[in-house]
Amino acid sequence: MTLTSIFPAIGLSILFFGAAKLIVSRSTFYQAAVQASNKTHYKALDGLRGFLALGVFFHHAVVNYQYFQLGSWQTAPSNVYAFLGQGAVAFFFMITGFLFWSKLIVEPRFDLKRFYSKRALRVLPAYWVSLALMILIVLIMSNFSLKVSLPRFLMQIGSWIVCGIYGISNVDKELFPDINYGSVGLINASVQWTLTYELQFYLLLPLLAWFVKPLRFIGLFLTWLTCSLLTHSLLLLTVMNFLFGMTAAYLVQRFESKKIFLDKRVSLGIIFLLLAIPLLLSPPYIENMWAIALIFCAFVCIASGNDLFGLLTTSASKYLGTISYSVYLLHGIVLFCVLRLANLVYPIKGMNPLHFWMLMGVCGLLVIGLSSLSYRFIEYPFLRLKPASGVVERATITQEDRYPVEK
């Protein structure tokens with residue numbers, strides 16, 4: 001067995017979905033969460049997020065193994081595993097653009113204070129907890145001794161606290177500087193970069209709302225697309241994923257009632273379409289316009305109701321979708337800690353791929369368990385808060401609230 005064989009990922013996915021199904025069957029809390037998910041408008045998107053979160057986990061598993069072989073952090077040495085991570089991020093960004101733009105199409109006006117409060121309560125608490133864990137790991141690895149001055153140490157942490165939206169570290173001149181000169185990005189697999197895009201999308205949404213009328217949006221889309229193709233800018237190409245998601249909002253609104261999207265042949269087409277991307281195109285997929293366009297086609301079908309032969313509407317996939325934000329934030333930390341502890345006993349550099357994937361099974365189960373606790377006791381309590389009041393919100397949590405990062 002080779003490291004980049006797809007079969008370990010398939011086998012572990014079955015294991016993880018089995019664990020998810022077991023948790024749902026034993027937890028009344030998650031049974032209620034799954035039932036609430038069944039009442040959302042775009043049911044397949046909850047389950048899709050569960051698969052995407054696992055894709056990012058497998059992507060970073062392979063990248064971590066490669067790191068121990070080469071000593072440097074590089075993209076996955078396989079198009080398939082590169083796509084599992086980068087393609088998942090593209091889907092996540094499209095989901096964000098789609099959900100919020102769909103809401104704006106129906107109601108262009110919204111309460112700014114309430115909107116920003118809800119987004120902050122949704123995104124920041126779990127992120128800050130993961131950041132606290134990362135800082136603790138940095139301090140443990142440095143024997144709790146500062147290698148930089150205290151002001152610089154605090155400034156470095158400050159840049160991470162504001163999620164790199166506006167870097168406040170004038171010393172290191174980076175949005176996400178190494179804290180105490182420790183390679184913090186290795187601890188969480190540098191997943192925080194997508195949060196920067198997400199949060200800036202939220203900040204700009206009130207201005208973008210002016211483009212919600214179809215003709216204005218077409219002008220925005222074509223202008224951005226042209227600039228992206230001419231400049232090949234990573235920033236512009238990455239933002240195209242949001243714009244494609246926003247485009248899907250118009251298409252789904254128009255075609256959602258068409259039962260053709262529910263046809264099993266469409267499900268088969270989506271699967272072949274997604275398989276074709278890593279087979280025919282090269283990474284990085286997050287900025288490959290052909291890959292983005294193909295992902296967009298698959299996304300429109302799923303957002304229109306296609307559940308891929310029922311896979312996206314199972315209780316296990318919806319449960320994994322519910323905890324996917326915590327999975328996204330915590331999986332890198334779990335991989336970092338477990339691999340370095342295991343490396344003391346069985347050097348990862350010489351580890352047999354089969355043994356490595358067995359270890360990844362343990363890591364995945366740990367991630368699912370910790371993410372379940374994180375959602376239950378960190379994410380969910382803040383989801384239930386009424387913005388700017390601190391009063392418990394009794395209303396049903398909206399589908400937008402389920403998607404803090406698309407991550």
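The values are calculated or read from the model by the stated rules, or taken from the named source; none is laboratory data. Quick caveat: nothing in here was measured; it's all calculated off a predicted structure. All Cβ positions, glycine included, derive from the backbone under ideal geometry; neighbour counts span all protein chains shown.
For residues that are within 15 Å of the chain's Cα centre (by Cα) and of a type in the set (F, W, Y), tally how many sit in the stretch 99-132.
1
In the stretch 279-292, what count of residues is obtained for those that are over 11 Å from L237 (Cβ atoms) and under 19 Å from the mean Cα position of the chain (by Cα)?
1
State which residue is farthest from H60 (Cα to Cα) when the search covers only the stretch 351-407 and only residues that are modelled with pLDDT under 90, out of contact with any Phe, Trp or Tyr (no Cβ under 7 Å at 6 or more places or on another chain) and in a helix (DSSP H, G or I).
Here the residue is D401.
For the stretch 340-363, enumerate the residues that are over 17 Å from I14 (Cβ atoms) and not aliphatic (A, V, I, L, M).
R340, N343, Y346, P347, K349, G350, N352, P353, H355, F356
I need every pair where a residue in the stretch 181-199 that is at pLDDT below 95 has its Cβ under 8 Å from the Cβ of a residue that is among the polar types (S, T, N, Q) and in a loop (DSSP other than H, G, I, E, B), sequence separation at least 6 or different chains.
G182/S142
Which members of the stretch 100-125 meet the condition of being touching a Phe, Trp or Tyr at 6+ places or on another chain (Cβ under 6 Å) and under 30 Å from L274 (Cβ atoms)?
Within the stretch 100-125, just R119 meets the criteria.
Listed here are the residues, each with its yes/no results for (1) modelled with pLDDT under 95; (2) among the small types (G, A, S).
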| residue | (1), (2) |
| --- | --- |
| F16 | no, no |
| Q35 | yes, no |
| A53 | no, yes |
| Y67 | no, no |
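Go through the stretch 111-158 residue by residue and tally those that are free of Cβ contacts under 8 Å to residues at least 24 places away in the same chain and not in a helix (DSSP H, G or I).
5
Answer with yes or no whether A61 is modelled with pLDDT under 95 and in a helix (DSSP H, G or I).
no
Check F377 against each of (1) without any contact (Cβ under 8 Å) to a residue 40 or more places away in the chain; (2) surrounded by 15 or more Cβ atoms within 10 Å (Cβ to Cβ); (3) not aliphatic (A, V, I, L, M) and name the one condition it does not meet.
(2)
Could you check, for the stretch 327-348, whether at least one of its residues is crowded, with 22+ Cβ neighbours inside 10 Å, among the small types (G, A, S) and at pLDDT 95 or above?
yes
How many residues are free of Cβ contacts under 8 Å to residues at least 24 places away in the same chain and either assigned to a loop (DSSP other than H, G, I, E, B) or more than 23 Å from A88 (Cα to Cα) (or both) if we restrict to the stretch 233-262?
5
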